[in-house]
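A quick write-up on the structure given underneath.
Read the figures in this text as sums done on the coordinates, not as results from a lab. In this text the structure is predicted, and so the values were computed from the model without any measurement. Every residue, glycine as well, gets a Cβ built from its backbone with ideal geometry; the counts of neighbours run over all protein chains shown.
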Ligand code: MG
């Protein structure tokens with residue numbers, strides 16, 4: 001494999017830090033050209049020094065002086081703000097862009113990378129939820145490959161390699177079920193932030209961990225799968241698999257089901273995307289089937305986890321409805337983390353935003369941005385966040 005020059009957008013987050021670990025293991029194969037972060041200036045500075053990157057963007061402009069003072073003596077260029085991310089991501093010396101920012105805020109820079117024809121290792125699922133049809137259309141137009149990093153979608157992507165031309169009969173998206181899998185509706189109703197953040201299988205950032213507890217994460221992933229793999233909602237099936245060993249499966253017309261397995265460790269799909277189509281070594285835990293003994297499956301329960309039904313409804317409705325759902329959810333999760341709403345208040349806010357929304361059947365990108373802003377404002381009002 002020829003050495004790849006990569007940009008890591010959101011390098012200080014959970015995915016970004018694990019991507020840095022992958023790079024650390026293969027310094028001969030990856031060169032980090034650009035890293036970006038929102039607020040964690042200390043980590044951003046230490047990453048820039050360790051990997052001797054060329055360019056650094058701190059999105060929070062208030063922290064620019066601190067980062068610049070630390071890095072400029074080392075001849076590392078420092079920029080501030082989201083527009084700088086969009087500009088720098090297009091640099092000729094970047095081959096591949098890992099989009100690991102949180103939420104809708106990642107959309108502009110992802111679009112910039114696609115328009116510059118970069119290969120995108122996509123870890124920011126909200127961009128495909130909010131604007132999947134438009135983003136995939138842009139990727140086709142600009143010949144930008146999109147390689148999924150989300151573990152389920154990486155699994156599906158890998159499963160498809162054994163029959164690249166066959167039609168997909170069904171995608172089986174596996175879900176751990178999150179921390180409340182065995183809880184009653186009454187118990188879930190009074191769940192605290194600490195309980196919701198205590199995920200049994202995956203260690204991730206706060207936003208996605210709450211999404212996993214509500215199962216909105218799986219809802220977002222249904223929509224992500226729809227756009228990445230071009231399958232209708234009727235061909236996407238969610239199955240609870242508490243051990244999180246099978247990362248997802250593809251069923252073909254002959255009934256054969258191909259699965260991808262491994263311990264839950266995000267470095268695996270991150271490395272697969274960064275090295276694709278090569279398979280590189282990774283110092284992770286390997287599967288021991290005899291020690292594992294058995295794995296199990298259950299149907300999801302939409303009574304206790306209404307987010308799944310809301311996501312299916314948004315996908316079937318189409319237009320800007322998934323964007324409305326995503327915007328409301330981002331605000332509602334923040335409200336829950338701030339103690340401003342209860343656990344079921346999260347999906348309550350999402351449902352009310354979807355019910356009262358200005359539906360647009362064929363939104364353009366401006367409509368998507370406007371929908372996100374107006375929905376977020378409505379959701380903030382509902383949650384009492386000024
Ligand atoms: Mg996932």
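With the radius of gyration and the Kirkwood radius both derived from the Cα set of the stretch 330-386, what is their ratio Rg to Rh?
With Rh from the inverse mean 1/r over Cα pairs, Rg/Rh is 1.01.
In nanometres, what is the gap between the two model label sites at residue 203 and residue 361, each 7 Å from Cα along Cα-to-Cβ?
Each label point lies 7 Å from its Cα, and together they span 5.0 nm.
For the stretch 21-65 and the stretch 303-365, what is the centre-to-centre distance using only Cα atoms, to the nearest Å?
33
What is the P(r) of the chain, as percent of Cα-Cα pairs per 20 Å bin from 0?
28, 61, 11, 0
Once you have the Cα-Cα distance between residue 3 and residue 186, take 0.36 nm times their residue separation minus that, and quote the gain in nm to one decimal.
Extra length from residue 3 to residue 186 when fully extended: 60.5 nm.
May I ask you to compute the full-extension gain from residue 115 to residue 72, defined as 0.36 nm times their residue separation minus their alpha-carbon distance, rounded to one decimal in nm?
12.5 nm is the gain from fully extending residue 115 to residue 72.
Dividing the alpha-carbon Rg of the stretch 109-211 by 2.2 N^0.38 Å yields what? Walk me through the intermediate numbers first.
Values: Rg = 17.4 Å, N = 103, 2.2 N^0.38 = 12.8 Å.
That ratio works out to 1.36.
Could you grab the relative contact order for the stretch 281-386? Cα pairs under 8 Å, six or more apart, rounded to a whole percent.
With pairs under 8 Å counted, the relative contact order is 29 percent.
Evaluate Rg over Rh across the stretch 31-128, taking Cα atoms for both radii and Kirkwood's formula for Rh.
Over the Cα atoms of the stretch 31-128, Rg/Rh equals 0.95.
As an exercise, use a Förster radius of 51 Å and the Cβ-Cβ distance of residue 374 and residue 291 to find the FRET efficiency, rounded to the nearest 0.05. Don't skip to the answer; put the middle values down first.
Values: r = 52 Å, r/R0 = 1.02.
Taking R0 as 51 Å, the efficiency between residue 374 and residue 291 is 0.45.
Can you give the FRET efficiency to the nearest 0.05 for residue 235 and residue 281, using r as the Cβ-Cβ distance and R₀ = 35 Å?
With a Förster radius of 35 Å, E is 0.50.
Could I have the simple spin-label model distance between residue 385 and residue 25, label points 7 Å from Cα toward Cβ, reported in nm to one decimal?
Those two pseudo-labels are separated by 3.5 nm.
How big is the Cα convex hull of the stretch 261-348 in projection, averaged over all directions, in nm²?
Taking a quarter of the hull surface, the average projection is 9.6 nm².
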